[in-house]
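Take a look at the structure set out below.
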There are 2 protein chains.
Amino acid sequence: ADYDPSFKIGKEKAKVCMTCHGEDGISTIDPYPNLRGQKMGYLISSLKDYQSRQRTSGLAILMQQQADTLSEQDMKDISYYYSVLGTKKEEE
Amino acid sequence: ADYDPSFKIGKEKAKVCMTCHGEDGISTIDPYPNLRGQKMGYLISSLKDYQSRQRTSGLAILMQQQADTLSEQDMKDISYYYSVLGTKKEEE
């Protein structure tokens, strides 16, 4: 993944996610999900659902605010990064 | 985990989840999340959010229907199972 520019771009954009979701994509807090190796399509649709307020519980409010700052390309880049993190694809 | 009754109960209740989320908790379909080793607190609150219609996008509808069939104890048991699956705790 060191030679994968998309992975590097995603990692850079994901820095803001790491406070809650962990440096390695394993969240340090039980109410927050691990993102390491998560499916890219699921991550993109989750971010879109926060942005469009289709996820609305108390815990969702922080993620709504985060998603509001992201472009569609940012969502793709961040989701790509986490989908590769910790998988065999990262070692390539 | 072979000696952990909660793990066995959760596994039994999770059978219905496996069609979409994989026998091993790694989903076979990109729009569906992996559940293997996911945080228990996050899984419980996700299920509750589907049940209370605080997750409402197109993809959420299937999960709303699933969550409707679950008691609070079912949610805890299933979430416990996935939180242990694939982790060191499973090997104990």
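The values are calculated or read from the model by the stated rules, or taken from the named source; none is laboratory data. Note that the structure is predicted; figures quoted are calculated from it, not measured. Backbone-built Cβ (ideal geometry, glycine too); neighbour counts: all protein chains shown.
For region B:39-59, a residue qualifies if it is outside any helix (DSSP H, G or I), touching an Asp or Glu at 6+ places or on another chain (Cβ under 7 Å) and not hydroxyl-bearing (Ser, Thr, Tyr), and the qualifying residues are B:Lys39, B:Arg55. With the checklist (1) within 14 Å of another protein chain (Cβ to nearest Cβ); (2) touching a residue at least 40 places away in the same chain (Cβ under 8 Å); (3) farther than 21 Å from A:Gly58 by Cα in hand, flag the one item B:Tyr81 doesn't pass. It is condition (1) that B:Tyr81 fails.
Scanning region A:44-67 for residues that are of a type in the set (Lys, Arg) and free of Cβ contacts under 8 Å to residues at least 12 places away in the same chain turns up A:Arg53, A:Arg55. The listed residues are A:Ser57, A:Ser83, and the only one of them that is among the small types (Gly, Ala, Ser), closer than 23 Å to B:Ser83 by Cβ and buried (at least 17 other Cβ atoms within 10 Å of the Cβ) turns out to be A:Ser83. Just one of the listed residues (A:Ile26, A:Ile44) is modelled with pLDDT of 95 or more, of a type in the set (Val, Ile, Thr) and within 24 Å of B:Gly58 (Cβ to Cβ), and it is A:Ile44. The residue that is nearest to the chain's Cα centre (by Cα), counting only those in region B:66-91 that are of a type in the set (Val, Ile, Thr) and in a loop (DSSP other than H, G, I, E, B), is B:Thr69.
Examine region B:47-54 for a residue that is more than 11 Å from chain A (Cβ to nearest Cβ), within 29 Å of A:Val84 (Cα to Cα) and modelled with pLDDT of 95 or more, and state whether such a residue exists. Yes: region B:47-54 contains one or more residues that are more than 11 Å from chain A (Cβ to nearest Cβ), within 29 Å of A:Val84 (Cα to Cα) and modelled with pLDDT of 95 or more.
For the subset of region B:55-78 comprising residues that are of a type in the set (Gly, Ala, Ser) and within 25 Å of A:Ile29 (Cα to Cα), which member is farthest from the other protein chains (Cβ to nearest Cβ)?
First pass over region B:55-78, keeping only residues of a type in the set (Gly, Ala, Ser): B:57-58, B:60, B:67, B:71.
Filter once more, keeping what is within 25 Å of A:Ile29 (Cα to Cα): B:60, B:67, B:71.
Working: B:Ala60: 7, B:Ala67: 13, B:Ser71: 19 Å.
Per the stated criteria, the residue is B:Ser71.
Among the residues of region A:9-38, those identified as closer than 20 Å to B:Lys39 by Cβ and assigned to a helix (DSSP H, G or I) are A:Ala14, A:Val16, A:Cys17, A:Met18, A:Thr19, A:Cys20, A:His21. Residues in region A:17-34 that are in contact with a His (Cβ under 9 Å, 6 or more places away or on another chain) and either within 13 Å of A:Ile78 (Cβ to Cβ) or surrounded by 15 or more Cβ atoms within 10 Å (Cβ to Cβ) (or both): A:Ser27, A:Tyr32, A:Pro33, A:Asn34. The set of residues in region A:8-27 that are within 14 Å of chain B (Cβ to nearest Cβ), in contact (Cβ under 8 Å) with a residue 12 or more places away in the chain and over 10 Å from the mean Cα position of the chain (by Cα) comprises A:Cys20, A:Gly22, A:Asp24.
With respect to (1) within 14 Å of chain B (Cβ to nearest Cβ); (2) within 21 Å of A:Glu91 (Cβ to Cβ), the lone exception for A:Asp30 is condition (2).
Keeping to region B:36-54, report how many residues are surrounded by fewer than 16 Cβ atoms within 10 Å (Cβ to Cβ) and under 23 Å from B:Asp24 (Cβ atoms).
First, the residues of region B:36-54 that are surrounded by fewer than 16 Cβ atoms within 10 Å (Cβ to Cβ): B:52-53.
Now restrict to residues that are under 23 Å from B:Asp24 (Cβ atoms): none.
Final tally of qualifying residues: 0.
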